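The structure appears below as structure tokens.
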Amino acid sequence: MRTMLYVTELTLTAKNPARLSTDVLVLGIADDGDHTRILGADQLSSAAAKTLASTVSLLSVSGTAGEVTRVPAVEGIKAATIALTGLGALPEGEQPSAEQLRRGAGAAVRELAKAKSIALALPAADAAMVGAITEGAVLGGYRFTSYLSEAQDAPDQLQVVTDQAKDRAVKAAFDRGRVVAGAVNSTRDLVNTSPRDLYPESFADIARTATKGTKVSIEVLDEKALTNGGYGGLMGVGQGSARGPRLVRLTYRPSRAKAHYALVGKGITFDSGGLSLKPAKGMETMKMDMAGAAAVLHTVLAAAELQLPIAVTGWLALAENMPSGTAQRPSDVITIRGGKSVEVLNTDAEGRLVLADALVAAGEQNPDAIIDIATLTGAQMVALGNQVSAVMGTEDIRQAVVDAAGAAGEEFWPMPLPAELAPSMKSQVADIANIGERFGGMLVGGLFLQEFVGQTPWAHLDIAGPAFNEAAPRHYVPKGGTGVGVRTMLATLEQASQS
């Protein structure tokens with residue numbers, strides 16, 4: 001697996017931060033309601049800490065989350081300059097949360113891109129704190145430069161400072177943070193790639209290359225295999241494009257696995273809407289409609305790299321949804337793998353069609369649970385905005401995903417699947433239609449997918465808004481692809497392997 005760090009060197013050190021020869025020494029600053037306080041200053045000499053506190057007071061530096069302030073180094077510190085990264089509200093005597101550290105580290109590294117070396121001396125008293133700082137730093141350092149003619153600034157050296165650097169649990173947390181953040185960054189790379197270059201066949205080739213040298217095996221089904229296998233959803237959606245669909249199966253099978261989870265990702269490499277054409281503005285970000293498949297690919301690879309004691313099968317349902325003389329039409333009837341027929345009333349509700357095929361295939365292996373992840377509905381953004389993802393499905397696995405998301409630092413909100421909305425998808429000519437009631441459209445999408453999972457415990461993650469950030473960068477989230485879902489799915493797998 002290619003771990004995307006975007007720095008030449010990432011290390012863990014127990015050295016006194018005052019003695020580190022680095023361009024920038026990063027400390028935390030928080031607001032306890034009455035005044036700001038510097039976190040990490042206790043590692044400095046009393047004279048240095050006092051001088052720094054005076055500087056902070058003179059400049060009225062706040063502890064506002066996401067705010068990074070660079071100040072001159074004080075006597076007794078070898079670093080060229082000091083950066084204070086805001087951690088937000090923090091009552092006196094309390095330690096910052098993992099997410100506060102993650103965001104503080106991410107904001108600092110993002111803002112300090114021109115520095116060649118950075119040392120993060122944030123509160124890092126235990127393994128969880130070190131892991132969060134590492135994740136945030138690597139995520140904040142992300143840069144997508146594939147199409148730029150000139151190189152972008154990025155640190156050559158990044159150090160995470162903790163006096164617990166030799167502790168085995170701390171080392172493991174540091175390594176995990178590097179792998180997890182690397183998986184997120186690799187997912188971002190795929191989401192940001194031009195659809196001219198990323199299409200079903202090339203996506204499958206990228207996945208094949210990524211699995212080389214790992215414990216993940218891969219199988220790719222092309223158009224002939226999909227037709228012979230009865231994958232009517234993938235073939236129907238992909239028939240309008242000159243670049244045919246693919247279904248990729250990734251398999252990670254450790255010995256004595258505690259459970260078997262299947263991960264299914266929507267991989268529409270570009271979504272024009274098909275004959276139900278989107279408006280031009282609505283297509284500008286539709287290269288990101290494969291974010292679910294990208295997240296599944298790198299979650300499986302990270303699970304293998306972390307050697308999680310759980311079997312994982314990843315399914316990437318890849319197609320390009322284009323209008324042409326061969327494209328599927330509204331009112332076409334297709335047959336999903338397994339035999340259920342679908343009347344296609346709107347060709348822009350295509351993600352659920354390719355997912356249906358993959359969900360059936362995933363269920364045929366009798367996993368203990370299925371999780372699908374997709375940029376499925378615009379209704380998700382209407383309901384939850386562009387920073388909170390939705391999760392629907394079987395109550396137990398749905399709650400497990402919500403709990404894992406909270407632990408991982410991602411925001412997922414549990415949503416219902418109201419049975420009374422299901423009749424709106426009734427078709428006069430097929431088993432089901434691919435659209436239904438307009439209001440509650442996100443829930444209708446979930447109900448459609450539920451028809452293809454049988455009795456297997458299942459969760460559906462709708463990441464339509466959070467998968468792509470069109471606004472300004474924030475803390476460790478860049479503009480463009482965000483890699484949302486990777487951390488949550490990995491945390492879900494880790495929890496399942498421990499039960």
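Could you run through segment 72-91 and say how many residues are of a type in the set (A, V, I, L, M, F, W, C) and within 18 Å of residue 105 (Cβ to Cβ)?
7
Just one of the numbered conditions (1) out of contact with any Lys or Arg (no Cβ under 6 Å at 6 or more places or on another chain); (2) surrounded by fewer than 20 Cβ atoms within 10 Å (Cβ to Cβ); (3) closer than 30 Å to residue 473 by Cβ; (4) touching a residue at least 24 places away in the same chain (Cβ under 8 Å) is not true of residue 175; which one?
Going through (1) out of contact with any Lys or Arg (no Cβ under 6 Å at 6 or more places or on another chain); (2) surrounded by fewer than 20 Cβ atoms within 10 Å (Cβ to Cβ); (3) closer than 30 Å to residue 473 by Cβ; (4) touching a residue at least 24 places away in the same chain (Cβ under 8 Å) one by one, residue 175 breaks only (4).
Only one of these is outside the structural domain of residue 483 (by TED's automatic domain parsing), free of Cβ contacts under 8 Å to residues at least 40 places away in the same chain and out of contact with any Phe, Trp or Tyr (no Cβ under 6 Å at 6 or more places or on another chain): 65, 18, 53, 83. Name it.
Among 65, 18, 53, 83, only 53 is outside the structural domain of residue 483 (by TED's automatic domain parsing), free of Cβ contacts under 8 Å to residues at least 40 places away in the same chain and out of contact with any Phe, Trp or Tyr (no Cβ under 6 Å at 6 or more places or on another chain).
Counting just the residues of segment 289-330 that are charged (D, E, K, R) and assigned to a helix (DSSP H, G or I), which one comes out surrounded by the fewest Cβ atoms within 10 Å (Cβ to Cβ)?
305
Output the number of the condition that residue 286 fails; it satisfies all remaining conditions of (1) in contact with a Phe, Trp or Tyr (Cβ under 6 Å, 6 or more places away or on another chain); (2) more than 24 Å from residue 238 (Cβ to Cβ); (3) surrounded by fewer than 24 Cβ atoms within 10 Å (Cβ to Cβ); (4) aliphatic (A, V, I, L, M).
Only one criterion is unmet by residue 286, namely (2).
Among residues belonging to segment 343-384 that are in a strand (DSSP E or B) and small (Gly, Ala, Ser), point out the one that is surrounded by the fewest Cβ atoms within 10 Å (Cβ to Cβ).
369
Does residue 447 qualify as being in a loop (DSSP other than H, G, I, E, B), at negative phi and free of Cβ contacts under 8 Å to residues at least 60 places away in the same chain?
Here the answer is no, as residue 447 does not meet what is asked.
How many residues does segment 385-398 contain that are within 27 Å of residue 251 (Cβ to Cβ), of a type outside the set (Gly, Ala, Ser) and either modelled with pLDDT under 95 or not in a loop (DSSP other than H, G, I, E, B) (or both)?
5
Scanning segment 148-165 for residues that are farther than 25 Å from residue 308 by Cβ and modelled with pLDDT of 95 or more, which turns out nearest to the chain's Cα centre (by Cα)?
158
From the residues in segment 238-254 that are assigned to a loop (DSSP other than H, G, I, E, B) and among the basic types (Lys, Arg), which one is nearest to residue 271 (Cα to Cα)?
Ranking the candidates gives 243 first.
Within segment 88-99, does at least one residue satisfy the condition of being in contact with a helix residue (DSSP H, G or I) (Cβ under 6 Å, 6 or more places away or on another chain), under 25 Å from residue 10 (Cα atoms), in the same structural domain as residue 156 (by TED's automatic domain parsing) and of a type in the set (Ser, Thr, Tyr)?
No.
Are any residues in segment 411-427 in contact (Cβ under 8 Å) with a residue 12 or more places away in the chain, farther than 21 Å from residue 273 by Cβ, not in a helix (DSSP H, G or I) and not aromatic (Phe, Trp, Tyr), and if so, which ones?
411, 414, 415, 416, 417, 418
Going through segment 211-226 one residue at a time, which ones are part of a helix (DSSP H, G or I) and in contact with a helix residue (DSSP H, G or I) (Cβ under 6 Å, 6 or more places away or on another chain)?
Within segment 211-226, 226 is the sole residue that qualifies.
Given 141, 177, 104, which one is under 30 Å from residue 318 (Cα atoms) and more than 15 Å from the chain's Cα centre (by Cα)?
Going through 141, 177, 104 in turn, just one is under 30 Å from residue 318 (Cα atoms) and more than 15 Å from the chain's Cα centre (by Cα): 141.
The values are calculated or read from the model by the stated rules, or taken from the named source; none is laboratory data. Remember, predicted model here, so these are calculated numbers, not experimental data. Using ideal geometry, Cβ is built from the backbone for each residue, glycine included, and neighbour counts are taken over all protein chains shown.
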